[in-house]
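Heads up, the thing below is written out as structure tokens.
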Amino acid sequence: MRDYNAFEPAPLTFIILPVFLAILLVWGTAAAWRRSGARIDAVRRATALSSIAACAWMAITWRVAASGILREWERTPPPFAFLVVAIITLGFVIAFSRLGARVATAIPLWVLVLVQGFRLPLELAMHGMYARGIMPLQMTYTGLNFDIVTGALAIVVGTLAAMGVVGRGIIAAWNVLGLALLINVMTVAILGTPRFSYFGPDQVNVWVTYPPFVWLPAVMVLAALAGHLVIFRALLAPKPVGAQ
């Protein structure tokens, strides 16, 4: 991988956004437990567990990427495949766990939508990495990745939902679109790995196997996936009259 300045805005985004999302997870856990009427000791325990889990996952994925294991493409199946499976599995586990249930019912729907706005600066940073010759073209919004639409619309839809201008129908439509675009970019990313090289040998997707860029799939894709699933749970959950 080409050299880059880790303190430039684009590369630094791949550290700032994952840390921000981890903080949001801890805050969301604490808020959900408090709003559900849990005792203070239960709130503290849930908050501590979410903090430990987030830090452990980020540390493990960073360490694995730094070790070079994820770049052993000659192995069958390649280690990167296990990371993909772990991300998808964790996304569903989080969304359909007690945590997902409490977040879906205790956190306002518009907040859950606005959180997905992190994908707008992420996509801008990804384009910056392409401009530096680190990320392949197909993973940018000028290629086959249109997830920037999800991030931009999340800010608009979330804000309008907070104002009471749009209801659950618009949010549901946005959520379906966002999940579809997420699946699209995940497919593009996988097809671009050396095991497939679908877009050619000069457009191979290996940069996400290095730290800190491994946090793109390990943290940000995970957050996006779990977020969409939690929003579906929130849309299906009974809400008080007038609540968004």
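The values are calculated or read from the model by the stated rules, or taken from the named source; none is laboratory data. This is a predicted model, so every value here is computed, not measured. Because the Cβ atoms are built from the backbone with ideal geometry, glycine has one as well, and the counts that use them run over all protein chains shown.
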Identify, by number, the condition in (1) under 29 Å from Met129 (Cα atoms); (2) touching a residue at least 24 places away in the same chain (Cβ under 8 Å); (3) part of a helix (DSSP H, G or I) that Leu12 doesn't meet.
(2)
Among the numbered criteria (1) more than 22 Å from Ile94 (Cβ to Cβ); (2) among the small types (Gly, Ala, Ser); (3) in contact (Cβ under 8 Å) with a residue 40 or more places away in the chain, which single criterion is violated by Ser197?
(3)
Mind checking whether some residue in the stretch 67-78 is within 21 Å of the chain's Cα centre (by Cα) and over 29 Å from Arg233 (Cβ atoms)?
yes
All positions within the stretch 128-140 that are surrounded by fewer than 18 Cβ atoms within 10 Å (Cβ to Cβ), assigned to a helix (DSSP H, G or I) and either in contact with a Phe, Trp or Tyr (Cβ under 9 Å, 6 or more places away or on another chain) or of a type in the set (D, E, K, R) (or both):
Leu137
Which members of the stretch 146-194 meet the condition of being within 18 Å of the chain's Cα centre (by Cα), farther than 16 Å from Met220 by Cβ and not hydrophobic (A, V, I, L, M, F, W, C)?
Gly158, Asn175, Thr187
Members of the stretch 189-226 that are aromatic (Phe, Trp, Tyr), farther than 22 Å from Phe118 by Cα and surrounded by fewer than 18 Cβ atoms within 10 Å (Cβ to Cβ)
Phe196, Tyr198
Going through the stretch 88-102 in order, the residues found to be of a type in the set (A, V, I, L, M, F, W, C), part of a helix (DSSP H, G or I) and out of contact with any Gly (no Cβ under 7 Å at 6 or more places or on another chain) are Ile88, Leu90, Phe92, Val93, Ala95, Leu99, Ala101
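For the stretch 173-188, name all the residues that are buried (at least 18 other Cβ atoms within 10 Å of the Cβ) and among the hydrophobic types (A, V, I, L, M, F, W, C).
Keep residues of the stretch 173-188 that are buried (at least 18 other Cβ atoms within 10 Å of the Cβ), which gives 174-175, 178-179, 181-182, 185-186, 188.
Trp174, Leu179, Leu181, Leu182, Val185, Met186, Val188, listed by residue number.
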For the stretch 57-71, pairs from a residue that is over 23 Å from Leu25 (Cβ atoms) and among the β-branched types (Val, Ile, Thr) to a residue that is in a helix (DSSP H, G or I) and modelled with pLDDT of 95 or more, with Cβ under 9 Å and 6 or more apart or across chains, are Ile69/Pro79; Ile69/Phe80; Ile69/Thr209
Go through the stretch 145-164 and give me each residue that's hydrophobic (A, V, I, L, M, F, W, C) and within 11 Å of Trp110 (Cα to Cα).
Ala154, Ile155, Val156, Val157, Leu160, Ala161, Ala162, Met163
Do the conditions hold for Val19, that is, is it surrounded by 13 or more Cβ atoms within 10 Å (Cβ to Cβ), free of Cβ contacts under 8 Å to residues at least 60 places away in the same chain and out of contact with any Asp or Glu (no Cβ under 6 Å at 6 or more places or on another chain)?
yes
